[in-house]
Amino acid sequence: MLRPYGIPCIALARRAPPRIVAFRGSIWPVRKTGGGVTAYRFPDSNVFYRKLGRSYPRIVRGEGCWLYDEQGKDYLDAVGGAYVANLGHSNPDVADALARQAREFGYLSATAFTHGPVEELARELAASLPGDLDKLYFLSSGSEAVEAALKLARQYWVEAGKPGKHRIIALAPSYHGNTLLALSASAREQYKLPFREWLVDVTRIPASYAYRCECRGADAACPTCSGTALEAAIRRAGADTVAAFIAEPVGGSSTGASTPRPEYFRTIREICDRYQVLFVADEILCGAGRTGTWWAVDQYGATPDLMTMGKGISGGYAPLSAVAAPERIVDVIAQGSGSFLHAQTFSFHPVACAAGLAAVRLLKRDRLVERCARLGRVLHERLAALTRLPHVGDVRGRGLLAGIEFVEDKTSRAPFPRAARFAEAFTEAALQAGLVVWPNVGHADGVSGDLVVVAPPFIITEQEIDQIVTRFTTAHTAAVSAVNAGAR
Ligand SMILES: Cc1ncc(COP(=O)(O)O)c(C=O)c1O
C-alpha cells in the first residue's frame, strides 16, 4: 500500500473548491477542504485519475533524475515518468525556450502558417534520421503519430494506384497506442476487450522475444527470431492486400526491452521490398537516443519507410510526436490529392516544437546520446546483479533501456499466476522505496507475465545507477512478502 496522503475524505461533488494551505510545518502545500485534508484519490478530488483505486503522491519539484513530493519524500525517476524525461527534470534551457516562444506567439494554425521552431526542429531531426527519411509531420501524442503513420501508408497506396493494399501486420506482444487504429495494431487484449467491435482486424506475427522463445534467440533459422515469419504472413494474406508492417526496433514495455537478432530488420527490409509492403518503425519509446544511437533501428542497418517518434523528443516538456517520411512517399500525395488526410488542431504547435527544438539541440550539444550508450553499459553491468534475486528471471535491453522480467520459477521460466499481481505489487513497493519504474503484464502468454522497465534520464550518474539497484532490491523483498501475504 502507498503511504496515504492525508485523510481520505467523504462527499465530493457538492464541495467548495479546495484551497491551498500550509501543512503541518511542511514547506509543500497540500489541498485542504472544509477542515479535512484531502487525499489525492478518487473520489476525493475533482481529478478523474488514471487509477481509481489508489492514492497519488503529489509531486511539487523535480531536479535531474529526482522527484520530490509535498512531504519531502524523494523518488529516483528511473523511467523518466513513462520513457519521456530523457533530459531530466527542470532543465532551464528547455524551460527558457518554451517561455520565449510563448511570449512571441503561442498558437497558430499549421494550415495557414509555418514558423521558426517547426522548420528548425524538422531540419535538426531530419539530419539525425536514417536513409531518405527527411519530411516530418508533427503531432502531440505517440498514439496520434502511429494513427497518422498507418493512415499515411494507406493513403499512399490508394494514391499510388494500389487501393487493395489496406491490411496491417503487427507483432504480438506489442503496444502502439490507445486511439482506435493504434489500439487495433497493439496486441494488448486487456485494453481491447470492451472496444472489440470498433477495432480493425490486424494480422499478427510473434514478436522477437528471446527469453520466451524455444530457441532463446539463438537459432538464426527460427522464423520468429529471424523475421521470416513476416514473409509467411504476407503470403497468407496476399501481398496485394498488405499496406504496412509495424514494429518497434527494440521492444518497449510489451517485451521488456527485448532486442531482436542483429539481422532481424535487414530481413524485414528485404521482405517488405519484395512484397511492396511499407515498413513502419515505431520509435516512440525506443527512439531519440534511448538505446545509445539516435534511432534504435540504426543499429540494424535497415531504413524504414515511415518512422514514428514521440515521448523523449521534447524531453517531456511539451506533448510532441512526429511521423517521419521520405520524399518518395510524400510526393505521391503531393502529385495526387495534395494533402495528407490527418489534420489536427494542435499539429505543428509552436510551443511544443520550441520545446522539441531545445531538447534535440541539447542532446546534440551535450553529446547525450553518446552518454546514453556509455552509461547504458554501466546500467546493464550493475543490473546483472539483480539476476541473483529469487524471482528475477531475466535482465535485458540496450542503452539506457532495460527490462527486468519476474518469474515464479527461474528454472522453468513459469510466470506468476496473474492473480498474484506481482508487477503491480513490485511497482507500488518500488514507489514506497523511492524508485519509479514502469510495469507491464501479460507478455508471457497473453494473460500472465510480470516485468518492469527502467529507462532513466540520460544525465544519470553511476552513483544514481547504484541507487536503482539498491532500491530495486528493497522493493523486490517487499513485493515478495506482499504477494506471499496475499496468498495466505
Ligand atoms: C511503442 C509505443 N508506441 C506508441 C505509444 C503511444 O504513445 P502515447 O501514449 O504518447 O499516445 C507508446 C506509448 O507508450 C509506445 O510505447
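The values are calculated or read from the model by the stated rules, or taken from the named source; none is laboratory data. As the structure is a computational prediction, the values presented were derived from the model and not from experiment. As a convention, Cβ positions derive from the backbone with ideal geometry for all residues, glycine included, and neighbour counts pool all protein chains shown. Heads up: the accessible areas ignore ligands, DNA and RNA and are worked out on the full protein's heavy atoms, side chains in. Shrake-Rupley method; radii C 1.70, N 1.55, O 1.52, S 1.80 Å.
Figures for the structure shown
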quantity: Neighbours by Cβ (under 6 Å, 6+ apart or cross-chain): first from the stretch 311-339, surrounded by fewer than 24 Cβ atoms within 10 Å (Cβ to Cβ); second at pLDDT below 95; calculated: none
quantity: From the options 273, 298, residue that is free of Cβ contacts under 8 Å to residues at least 12 places away in the same chain and more than 16 Å from the ligand (Cβ to nearest atom); calculated: 273
quantity: Checklist (1) in a loop (DSSP other than H, G, I, E, B); (2) over 18 Å from residue 127 (Cβ atoms); (3) more than 11 Å from the ligand (Cβ to nearest atom); (4) in contact (Cβ under 8 Å) with a residue 40 or more places away in the chain applied to residue 284, failing item; calculated: (3)
quantity: Residue in the stretch 235-252 that is open to solvent by 20 Å² or more (accessible area, probe 1.4 Å), among the hydroxyl-bearing types (Ser, Thr, Tyr), under 21 Å from residue 146 (Cα atoms) and in contact with a helix residue (DSSP H, G or I) (Cβ under 8 Å, 6 or more places away or on another chain) present; calculated: no
quantity: Hits in the stretch 124-146 - residues which are under 12 Å from residue 324 (Cα atoms) and either under 14 Å from the mean Cα position of the chain (by Cα) or within 16 Å of the ligand (Cβ to nearest atom) (or both); calculated: 137, 138, 139, 145, 146
quantity: Checklist (1) under 21 Å from the mean Cα position of the chain (by Cα); (2) open to solvent by 50 Å² or more (accessible area, probe 1.4 Å) applied to residue 214, failing item; calculated: (1)
quantity: Qualifying residue in the stretch 96-107 (condition: in contact with a Leu (Cβ under 6 Å, 6 or more places away or on another chain) and either modelled with pLDDT of 95 or more or not β-branched (Val, Ile, Thr) (or both)); calculated: no
quantity: Residue within the stretch 79-95 that is open to solvent by 30 Å² or more (accessible area, probe 1.4 Å), touching a residue at least 60 places away in the same chain (Cβ under 8 Å), part of a helix (DSSP H, G or I) and touching a strand residue (DSSP E or B) at 6+ places or on another chain (Cβ under 7 Å) present; calculated: no
quantity: Residue match in the stretch 179-189 (condition: more than 16 Å from the ligand (Cβ to nearest atom) and open to solvent by 10 Å² or more (accessible area, probe 1.4 Å)); calculated: yes
quantity: Helices (runs of 4 or more DSSP H) contained entirely in the stretch 161-236, each with at least 1 residues that are of a type in the set (D, E, K, R); calculated: 189-192
quantity: Residue 292 being open to solvent by 10 Å² or more (accessible area, probe 1.4 Å), more than 10 Å from the ligand (Cβ to nearest atom) and under 19 Å from the mean Cα position of the chain (by Cα); calculated: yes
quantity: Search result, residues across the stretch 134-164 that are touching a residue at least 24 places away in the same chain (Cβ under 8 Å), under 14 Å from residue 342 (Cβ atoms) and among the aliphatic types (A, V, I, L, M); calculated: 136, 139, 145, 146, 148, 149, 150, 152, 153
quantity: Qualifying residues in the stretch 458-470 (those that are out of contact with any helix residue (DSSP H, G or I) (no Cβ under 7 Å at 6 or more places or on another chain) and not aliphatic (A, V, I, L, M)) - the one nearest to residue 359 (Cα to Cα); calculated: 461
quantity: Exclusive hit being closer than 18 Å to residue 210 by Cβ and either of a type outside the set (Val, Ile, Thr) or touching a Cys at 6+ places or on another chain (Cβ under 9 Å) (or both), set 430, 402, 423, 479; calculated: 402
